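Only the coordinates and a few stated rules stand behind these numbers; no lab work does. Every value quoted in this text rests on a predicted model; they were computed, and no experiment measured them. Reconstructed Cβ throughout: ideal geometry from the backbone, glycine too, with neighbour counts over all protein chains shown.
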Amino acid sequence: MIRFEHVTKRYADGTTAVDDLSFEVAEGELVTLVGPSGCGKTTTMKMVNRLIEPTEGGIFLDGDDISTIDPVQLRRRIGYVIQQVGLFPHRTVLENTATVPHLLGWKRGKGRERAAELLDLVGLDPSVHGDRYPEQLSGGQRQRVGVARALAADPPVLLMDEPFGAVDPVVREHLQNEFLKLQAQVRKTVLFVTHDIEEAVRLGDRIAVYGQGRIEQFDSPATVLGAPATPYVADFVGADRGLKRLSVTPIEESDLDQPPVVHLDDPLATATERLRSEGARWAVVLDGRDNLHGWIPADATADAKDTANGRTAAARGATRGTVREHARRMEAWLPLGAPLKQAFATMLQHDAGWIAVIDKESEGRFLGVLTPARLHEALRRSIDADAQDVPRAEVAVETVATIATTA
Ligand SMILES: Nc1ncnc2c1ncn2[C@@H]1O[C@H](COP(=O)(O)OP(=O)(O)OP(=O)(O)O)[C@@H](O)[C@H]1O
Ligand SMILES: [Mg+2]
């Protein structure tokens, strides 16, 4: 969709802002450009809509060399959210949003209708905010208007230059989440500039990590974090890249352990037997549809057994129940595909040595459990899997878990 071929930009004073840049962005893909101040991100962006012309090389949009497209025509195909938002202060929110339709000569009514629709899409009520002026909005609201304005003419391509740069981290996270939902709906081809690696990782299908005027690495977030291509990238993504990587690595079925499983209506004696034969300290308890109910500790079944072995027939009768009476509810569970970071957080929150993983697709069917050792192993294997470009399940690593089971 967007292709850079050996693009160099030298400014008149001799500054080389961008040096021999080649990369490609697929249709519907969101690529984040991340790097320190002055590394050439805005320059890259502005060359796409011809606000800046390259010194050398070519840029192609849908196969067309953009240097042969009239800039006005070109910009109709490209929405642009500029650094620092740049709303017109003396125009209302609705007028600001309708800027491009207005420039394109749409009828006033149609432009305003479209603007109202878009404000709604970015979470602003047009009847409340539409007639306000930018200074009457919060920073986060202004940034939403910037996004709505860029989407107004429904362009296939969006250029976003630090669109959420001017707000505090909490609002920023909120805007990022909204934007991800929006992007899932509109599926634009997006170049998104940020100097914040967290933001780049969170939003990007792929990340271009910039050094001075050059791309040091162009990969998926997980690969950039797990296998930085150069010491510069490793340094840029930070010492806590392992933690960051947890947030972009999903729980997979091959990460799960299969502990003993019993059902709510099983006789307690069956559960006792199962636990003893497998030497387990607890079992997962499922309901009649194989959905997660909770768990049962070995001592609950052992107590029952002791009592059942006890003197009176009455006592035996009272404890010869089913698993149901002794099962405990399990709050620590997640759907398959949830990030490993969430699994780790859930373990900590519930002070749990394992969490249950369920299949959201099939109404919560129990799939297995994730333990801290398996979580660590999943992270290790995912790094190797990315490096070798194979599925994670195919990678074997030696970890605490495998050492423990083979010892
Ligand atoms: N018109 C210009 N003339 C000369 N040098 C320029 C011009 N515009 C930008 N530069 C230089 O080109 C380099 C890249 O600038 P650019 O604006 O692309 O950086 P950036 O990565 O967007 O930085 P930031 O994160 O601060 O926005 C910088 O060194 C900058 O000083
Ligand atoms: Mg910039």
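Which whole-number percent gives the relative contact order of the stretch 1-101, counting Cα pairs below 8 Å spaced six or more residues apart? Please report the intermediate quantities before stating the final value.
Working: 119 pairs, mean separation 27.6, N = 101.
Computed value for the stretch 1-101: 27 percent relative contact order.
Which of 78, 296 comes first, and how do the rest follow, when ranked by fewest Cβ neighbours within 10 Å?
On the way: 78 23, 296 27.
Neighbour counts put them in this order, fewest first: 78, 296.
With n ≥ 4 as the cut-off for DSSP H runs, can you work out [θ] at 222 nm for the chain, using -39500 (n - 2.57) per run divided by the number of residues, rounded to the nearest 500? Numbers along the way, then the final one.
Numbers: 18 runs with 163 residues, N = 407.
Computed ellipticity for the chain at 222 nm equals -11500 deg cm²/dmol.
Holding the Cα-Cα limit at 24 Å, pick out from 46/107; 181/360; 181/244; 110/188 the pairs that are longer than that.
Working: 46/107 29 Å; 181/360 19 Å; 181/244 21 Å; 110/188 22 Å.
Violating the 24 Å limit, Cα to Cα: 46/107.
Identify which of 94, 121, 379 has the largest mean-square fluctuation in a Gaussian network model of the chain, with springs joining Cα atoms closer than 10 Å.
121
In the stretch 356-389, what GluC sites (Glu not before Pro) fall in a loop by DSSP, with at most 14 other Cβ atoms inside 10 Å?
Numbers: sites: 361, 363, 377; in loops: 361, 363.
Those satisfying the criteria are 361, 363.
Would you work out the relative contact order for the chain, in percent, from Cα pairs under 8 angstrom that are 6 or more residues apart? Display every interim value, and only then the final one.
Values: 768 pairs, mean separation 55.9, N = 407.
In percent, rounded to a whole number, it is 14.
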